[in-house]
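The values are calculated or read from the model by the stated rules, or taken from the named source; none is laboratory data. The model shown is predicted, which means the values in this text are computed figures rather than measured ones. Positions of Cβ are backbone-derived with ideal geometry, glycine not excepted, and every protein chain shown enters the neighbour counts. Surface areas here come from the heavy atoms of the whole protein model, side chains and all, with no ligands, DNA or RNA. Shrake-Rupley method; radii C 1.70, N 1.55, O 1.52, S 1.80 Å.
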Amino acid sequence: MLYNIQVTVNGKSYAHTVEPRLLLVHYLRDVLGLTGTHIGCDTSQCGACTVVLNGKAVKSCTVFAVQADGGTVLTVEGLAKDGKLHPVQQGFWEEHGLQCGFCTPGMIMASYALLERNPNPTEAEIRHALEGNLCRCTGYQNIVRAVQWAARQMAESASAAPVRGPRRRAR
Ligand code: FES
Ligand code: FES
């Protein structure tokens, strides 16, 4: 049996007919051609395939494409805007948060999801959030520094942003 799915990926809406066994990672890579999401294991351990589905970091090799039906997916390809890297990407650049780079897309997406829900994480919180992402090169120190760099950068730009319109009273 085949299913019709509609998914918004990186702000663009897609409709496809897929087999129920198709994994989200294969949908992204093989159907949409978004190969920034990597496959690093067969055991749901490495986190190289991490994307943000409906605001939460998920391992896309553990999710069926049909489970994303009606949902919103952000992949590493959707982070840069107007030719400018997202602060998390820039942080990995500034702090040399990669060695071979294979795990980097998953690390970046897990870090992005962390900073969306906790803009000022402690080092322990960063390490905890990245526990599901394995770097076989084992250089975690610079990855943690990259996330700290991004957190500082995002806090600075948030405080520099002009306040638009009257603030709504909290109910
Ligand atoms: S490819 Fe998904 S966890 Fe390794
Ligand atoms: S940088 Fe090589 S696996 Fe992470």
Which residue fluctuates most in the GNM of the chain (Cα springs below 10 Å): PRO119, PRO105, PRO87?
PRO119
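Starting from the coordinates of the alpha-carbon atoms of region 14-171, obtain the Kirkwood hydrodynamic radius over all distinct pairs and give the value in Å to one decimal.
So the Kirkwood estimate lands at 16.5 Å.
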Accessible surface, 1.4 Å probe, highest first, among residues ASP82, ASP30, ASP69:
ASP82, ASP30, ASP69
Dipole of region 30-163, positive end: most advanced residue of ALA146, THR62, ALA48 [Cβ charges, Cα centre]
ALA146
Just in region 91-148: which GluC sites (Glu not before Pro) are loop by DSSP and have at most 15 other Cβ atoms within 10 Å?
GLU131
Given a 1.4 Å probe, how much area per residue of region 9-132 is accessible, in Å²?
51 Å²
Counting only protein heavy atoms with a 1.4 Å probe and every protein chain in place, the carbon and sulfur fraction of the accessible surface of the chain in whole percent equals 51 percent
To the nearest 20 Debye, how big is the dipole of the chain about its Cα centre, given +1 on the beta carbon of each Lys and Arg and -1 on that of each Asp and Glu?
720 debye
